Amino acid sequence: MDLDLVFLGTSGSAPTSNRAPTALLVRRGGDRLLFDCAEGTQRQLMRSSVGLPDLDEIFISHFHADHYLGLPGMLKTFGLRQRETPLTVYGPPGLRELFGALKLVFGKVSYPVNVVEVRAGEALERDGYRILVYPVHHGVSAVGYALVEDIRPGRFDAETADALGIPVGPERGALQRGESVTLADGRVLTPDAVLGEARAGRRIVIPGDTAPAETVRVLAEGADVLVHEATFAEEERDRAVETLHSTAVQAAELARDAGVHLLALTHLSPRYFGPELLRQARDVFPATVVPRDFDTIEVPFPERGEPRLVKGGALAEGPPVKVPAA
């Protein structure tokens, strides 16, 4: 099951010439989950290799304008396409009130829009994973999200299966799914006969805007990827405290303490270019990256390697280059 993160907007409160405001797309198999939807997000998707998919779910972390201003335009575009499938938008308490105001902008659309207010402690169950909702520290109604996959069955031991006389076919599939089987000779075999120890799923933690918070550290324990804001450099720590944001060093300290595999810094103030924050963070936690817009992070299963940043991984491909015949 493929899992990756597409960074559509990595700037803070305002866009720059190189960075759009906050938006992150998580792709897991056929699922497309959008976390925050800043101004211009639909255009960022159209500029990328992803295109503008008919998203089923959008998750808003809080109601500062740089995290939701892209919603009206995107909802209107879906309507112009004559979309019919429902769209669900999640967010902390206050989301329904926000949508009451936004409907004056995007008007009537051709599809149902479900508005769901979520609270810290909730878990949204999905096929093979769940979205955890937890509190952050930003001074307004705000939540963070974490995608946590289910525990996976252990690795199937084909040699042991052969030795036990388990035929190739449905019986092996049932055992891999954790089900007991009865063979033709009457023997009943349980999954532990051919499966190794259960394997952990993957965990992606996305707090949104926040000052350093213990809830984030706890949710990020051993996470594959922590996507944490780094609005300020260390010399602006007082400003970070005042605005309930984080510095790059504070994010790195949290990632180090939580033992995450990879820290991705985002929500950079327009005053920074990125390398200066990366240097400060890596002095504390070397496994840090600062993605740019259209970079991706691939997240393999742990036994297949570490998460890795792919620069320009979601850039739209240009027209094919024709090579003249020899």
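The values are calculated or read from the model by the stated rules, or taken from the named source; none is laboratory data. Source: prediction; values computed, not measured. Quick reminder, even Gly has a Cβ in these numbers, built from the backbone with ideal geometry, and neighbours come from all protein chains shown. Keep in mind that these areas ignore ligands, DNA and RNA; they rest on the heavy atoms of the full protein, side chains included. Shrake-Rupley method; radii C 1.70, N 1.55, O 1.52, S 1.80 Å.
Of all DSSP beta bridges in the chain, what percent run antiparallel (nearest 5)?
Taking every DSSP beta bridge within the chain, about 65 percent pair in antiparallel fashion.
With every protein chain present, what accessible area does Tyr272 have (1.4 Å probe, heavy atoms only), rounded to the nearest 10 Å²?
Tyr272 exposes around 30 Å² with every protein chain in place.
Could you compute the FRET efficiency for Ala316 and Ala101, with r as their C-beta to C-beta distance and R0 at 25 Å, rounded to 0.05? Spell out each step's value before the answer.
Numbers: r = 33 Å, r/R0 = 1.33.
Efficiency for this residue pair is about 0.15.
Name the residue farthest towards the positive end of the dipole of the chain from the options Gly29, Ala255, Leu45, assuming +1 on Cβ of Lys and Arg, -1 on Cβ of Asp and Glu, about the Cα centre.
The one lying farthest along the dipole's positive direction is Leu45.
Once Lys and Arg get +1 and Asp and Glu get -1 on their Cβ, which of Gly313, Ser246, Gly201 lies farthest toward the positive end of the dipole of the range 200-326?
After comparing all options, I get Gly313.
Students often check this: by mean Cβ neighbours within 10 Å, which of 9-18, 115-124 ranks highest, and how do the rest follow?
9-18, 115-124
Ignoring ligands, DNA and RNA, what percent of the accessible area of the range 153-309 is carbon or sulfur (1.4 Å)? Write out the running numbers ahead of the final one.
Numbers: 3730 of 7270 Å².
Within the range 153-309, the accessible surface is 51 percent carbon and sulfur.
For Leu104, Leu175, write out the residues from largest to smallest accessible area, computed with a 1.4 angstrom probe and no ligands counted.
Ranking Leu104, Leu175 by accessible area, largest first, yields Leu104, Leu175.
Computed FRET efficiency, Cβ-Cβ of Thr215 and Lys108, R0 45 Å: what is it to the nearest 0.05? If you can, show how the numbers build up before the last one.
Numbers: r = 39 Å, r/R0 = 0.86.
It comes out at approximately 0.70.
What is the dipole size for the chain, taken about its Cα centre, with +1 at each Lys and Arg Cβ and -1 at each Asp and Glu Cβ, in debye to the nearest 20? Can you show the working numbers first?
Working: 35 positive and 45 negative charges, 218 e Å.
The dipole magnitude comes to about 1040 debye.
For volume of the Cα convex hull per residue in Å³, several values are listed as (1) 203; (2) 161; (3) 144; flag the one computed from this structure.
Evaluating volume of the Cα convex hull per residue in Å³ on these atoms matches (1).
GNM, the chain, Cα, under 10 Å: largest mean-square fluctuation among Gly178, Gly128, Gly144?
Gly178
R0 = 25 Å: FRET efficiency of Asp238 with Glu276, Cβ-based, nearest 0.05?
In this case the efficiency is close to 0.90.
According to a simple spin-label model (label point 7 Å from Cα along Cα-to-Cβ), what is the distance in nm between Ser180 and Ala193?
With each label placed 7 Å out from Cα toward Cβ, I get 1.1 nm.
Report the extension gain between Asn18 and Arg304 in nm, rounded to one decimal, defined as 0.36 nm multiplied by the number of residues separating them, less their alpha carbon distance.
That works out to 99.7 nm of additional length.
Cα centroid distance between the range 182-244 and the range 248-320, in Å?
For the range 182-244 versus the range 248-320, the Cα centre distance is 15 Å.
Given a 1.4 Å probe and heavy atoms of the protein chains only, how would you sort Lys311, Lys76, Lys108, largest accessible area at the top?
Numbers: Lys311 170, Lys76 85, Lys108 190 Å².
Greatest to least solvent exposure: Lys108, Lys311, Lys76.
Working out 0.36 nm times the residue gap between Ala287 and Arg155, then minus their Cα-Cα distance, what length gain in nm do you get to one decimal?
So the extension gain works out to 44.7 nm.
Nearest 500 deg cm²/dmol is fine: what mean residue ellipticity at 222 nm does the chain get from its DSSP H runs of n ≥ 4 alone, each adding -39,500 (n - 2.57), divided by its residue count? Provide the component values of the computation, followed by the final result.
Details: 9 runs with 74 residues, N = 326.
After summing the helix terms and dividing by the residues of the chain, the value is -6000 deg cm²/dmol.
If the elastic network links every pair of Cα atoms under 10 Å, which of Thr22, Thr160, Thr77 fluctuates the most in the Gaussian network model of the chain?
Comparing Thr22, Thr160, Thr77 in a Gaussian network model of the chain, the most mobile one is Thr160.
Could you calculate the contour length gain from Glu122 to Leu164, that is, 0.36 nm times the residue separation minus the distance between their Cα atoms, to one decimal place in nm? List each step's numbers first, then the result.
Values: separation 42, 0.36 × 42 = 15.12 nm, distance 4.40 nm.
Full-extension gain reported as 10.7 nm.
So if I place +1 on the C-beta of Lys and Arg and -1 on the C-beta of Asp and Glu, and nothing else carries charge, what would the dipole magnitude of the range 21-115 be about its Cα centre? I want it in debye, nearest 20.
260
Quick one: order Phe156, Phe294 from most to least accessible surface, probe 1.4 Å.
Working: Phe156 45, Phe294 10 Å².
Ranked list, largest accessible area first: Phe156, Phe294.
Given the peptides 205-218, 243-256, arrange them by the average over their residues of other C-beta atoms within 10 Å, most packed first.
Sorting 205-218, 243-256 by mean packing, highest first, produces 243-256, 205-218.
Taking the 0 to 90 degree range and rounding to the nearest ten, how far is the long axis of helix 71-80 tilted relative to the main principal axis of the chain, both from C-alpha atoms?
70
Which angle from 0 to 90°, rounded to the nearest 10, does the C-alpha axis of helix 95-106 make with the longest principal axis of the chain?
70
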